[in-house]
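Engineer: Shown below is the structure under consideration.
The numbers here are math on the coordinates, done by the rules we state, and not lab data. Please read all numbers here as calculations on a predicted model, not as lab measurements. Here the Cβ positions follow ideal geometry from the backbone for every residue, glycine too, while neighbour counts run over all protein chains shown.
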Amino acid sequence: MNKHQHTVVWIDHREAKLFNFGSADMEKLVIRPDHPSRHIHHKSDTIGSGHDKTSETYLHEVAKALGDAHAILITGPAGAKTELVSHIQKHDPAVAKNISGVETVDHPSDGQLVAHARKYFNVAALNTPRV
């Protein structure tokens, strides 16, 4: 999928949206787990987030879709984004080195997410020392 230089991922336990973009174009991919994790109701004073652990197969598919992106921003509202980062670090260090940032972002529209990512990468490029 990835012929562009930048990718922003928005992920939760139900779906991952990946937007690959260059200076003028963009493509979108949506990945959903075969069996989405469910919210677990628990009694008060118990430990845990109230969600099943995110599927390893789902995380693997998202990591695989990142392909050869040169710069990756991972976003999402809850813990799935950090689970994705941990999965990538453990199973695909070549992709891990291209993760530029991880941010908590609630539920933006597709346009808002891509605009945020374009701004993020432009700011990051300005702060990178030139050799």
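Engineer: Given Thr57, Ser86, His116, which one lies farthest toward the positive end of the charge dipole of the range 51-121, if we put +1 on the Cβ of every Lys and Arg and -1 on the Cβ of every Asp and Glu?
Structural biologist: His116
Engineer: Pull out the extension gain between Asp106 and Arg32, defined as 0.36 nm times the separation in residues minus the alpha carbon to alpha carbon distance; nm, one decimal.
Structural biologist: 24.9 nm
Engineer: Checking the table Lys97/Lys119; Lys17/Lys90; Lys28/Lys90; Lys64/Lys90 against a 19 Å threshold on Cα-Cα, which pairs fail?
Structural biologist: From Lys97/Lys119; Lys17/Lys90; Lys28/Lys90; Lys64/Lys90, over 19 Å: Lys97/Lys119; Lys17/Lys90; Lys28/Lys90.
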